[in-house]
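Beneath this line is the structure, given in structure tokens, with notes to follow.
The values are calculated or read from the model by the stated rules, or taken from the named source; none is laboratory data. Only a predicted model underlies this, so the values are computations on that prediction, with no experimental measurement involved. Here Cβ is always computed from backbone atoms with ideal geometry, including for glycine, and neighbour counts include all displayed protein chains.
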Amino acid sequence: MTAVFPNNHNLLLKIARETGTPVYVYDKQTIVRQIKKLKSAFNNLPHQIHYAMKANEAPEILQIMKQNNIGLDAVSPNEIDHALKNGFTSQQIIYTPSCPSDEELHKAFRLGIHTHLGATGYFDFVLKNYPDIPVGLRINPGNSIAGNQKIATGHHHSKFGIPVNQLPLIKEYMAKGLIIDSLHLHTGSDVKNWQDLARSVDVIFDFARHFPDLKYLDLGSGFKVPYHEDDPSIDLQAYAGYIQKKLEVLDRPLRIKFEPGKFLVSEAGVLLVKVNVVKQGFDKKFVGVNSGFHHLIRPMYYDAYHHIVNLSNTEKPADKYDVVGVLCEEDTFAYDRPLSPVKKDDILMIKNAGAYGYAMASIYNLRDLPKQVLIEDENFRLI
Ligand SMILES: Cc1ncc(COP(=O)(O)O)c(C=O)c1O
């Protein structure tokens, strides 16, 4: 039987050989599997999924979403253009920008794209220019989540969303004619316990009672995927059950939206890099690879753990290495990581790199961007 991605090491080595490295490799089957998991967990909820395209905006990946009836969550005018160019309709896109300019908002409103506003400072703009168009509000529930605080977005000190204590001001604007037809929240990424998300669900459901025109509640995402080999992933079934009960109690015909990024594409991608040099430091060994944080910034920016496998050597890990990049900066993928003995020209696989990998890449130090490949039905092609 053929090994399932990313355990099909021979195929990955072939890709590295034929396309060169560094290269991101994505697997269609894994994305479809994740879509199915999500849909089956939320089966009993009246729901719609909008893929957070910022996680990975490759056109081929957007097509997979489209084929599976998944809409998009865009956060910039260029993302909107990219979504439309790739065949999504205005109705399939929701727009959740952070601190947008008036021009950006004009564009979304004129295109008929439903917009979630994250500050009361935009209300006058809407009443003046688009008084008949309903808007969504991104609220800040004031809840902390565990984990890296750079990806916690719903706490008291976060720039995101309208703090729930601004309800009196929101009501003043509703009295002036502002139509609010949806509420949105997203409290962060990589949330391990669904109970952490549920605390914010409680807040948005309470808040919803003040808004008679609501059509949907957008509960964002945050769904964790396993980065460490023994990491748990989030219990979506339990989370869905909790939301369903809240809906029953609220007793209004609301739809629920979700905006997953990581859950849909993270495990479907790996970054293959080649070893340029193995060097002995004062007291540790370094593996210098032909990549760096300009290709995958998550370890440096979020202290994220990415599992690394030496594809060129199937022996058991025997030694520990710091896996470092080519940039003239502190540029480390992994510290003291056990790996099968590494030598020059070995191919290393950095796992769980399908989300916020290429999408956050840069040409810092004027280094080239990595290539990207999609595996589809055992075949692969550059994308
Ligand atoms: C508004 C919003 N929605 C959805 C997401 C997707 O989150 P995740 O990749 O954790 O699923 C993000 C991520 O930053 C976001 O900012």
Provide a single number: the residues in region 78-89 that are more than 16 Å from the ligand (Cβ to nearest atom), in contact with a Lys or Arg (Cβ under 8 Å, 6 or more places away or on another chain) and either of a type in the set (F, W, Y) or in a helix (DSSP H, G or I) (or both). 1
Residue check for V275: buried (at least 19 other Cβ atoms within 10 Å of the Cβ), within 16 Å of the ligand (Cβ to nearest atom) and over 28 Å from D206 (Cβ atoms): no
Identity of the residue in region 219-244, within 14 Å of the ligand (Cβ to nearest atom) and hydrophobic (A, V, I, L, M, F, W, C), that ends up modelled with the highest pLDDT: L219
Give just the number: which of (1) in contact with a Cys (Cβ under 8 Å, 6 or more places away or on another chain); (2) within 16 Å of the ligand (Cβ to nearest atom) does N365 not satisfy? (2)
Here are I61, I113: which of them is buried (at least 18 other Cβ atoms within 10 Å of the Cβ) and either assigned by TED's automatic domain parsing to the domain that holds A355 or within 27 Å of I375 (Cβ to Cβ) (or both)? I61
Working only within region 278-289, note down all residues that are over 23 Å from I363 (Cα atoms) and either under 15 Å from the mean Cα position of the chain (by Cα) or assigned to a strand (DSSP E or B) (or both). V278, K279, Q280, K285, F286
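Here's the yes/no breakdown for (1) part of a loop (DSSP other than H, G, I, E, B); (2) within 21 Å of the chain's Cα centre (by Cα); (3) within 24 Å of G354 (Cβ to Cβ):
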residue: K257; (1), (2), (3): no, yes, yes
residue: N276; (1), (2), (3): no, no, no
residue: S291; (1), (2), (3): yes, no, yes
residue: Y305; (1), (2), (3): yes, yes, yes
residue: E315; (1), (2), (3): yes, no, no
residue: F333; (1), (2), (3): no, yes, yes
Among (1) surrounded by fewer than 23 Cβ atoms within 10 Å (Cβ to Cβ); (2) within 16 Å of the ligand (Cβ to nearest atom); (3) of a type in the set (F, W, Y), F282 falls short only on (2)
Within region 250-272, can one find any residue that is more than 16 Å from the ligand (Cβ to nearest atom), among the charged types (D, E, K, R) and without any contact (Cβ under 8 Å) to a residue 12 or more places away in the chain? yes
Out of all the residues in region 335-357, which are among the basic types (K, R) and part of a loop (DSSP other than H, G, I, E, B)? K343, K344, K351
Just one of (1) surrounded by fewer than 18 Cβ atoms within 10 Å (Cβ to Cβ); (2) touching a Leu at 6+ places or on another chain (Cβ under 9 Å) trips up V32, so point out which. (2)
Among helices (runs of 4 or more DSSP H) completely within region 121-218, the ones holding 3 or more residues that are in the same structural domain as K246 (by TED's automatic domain parsing), within 16 Å of the ligand (Cβ to nearest atom) and surrounded by 16 or more Cβ atoms within 10 Å (Cβ to Cβ) are 194-208
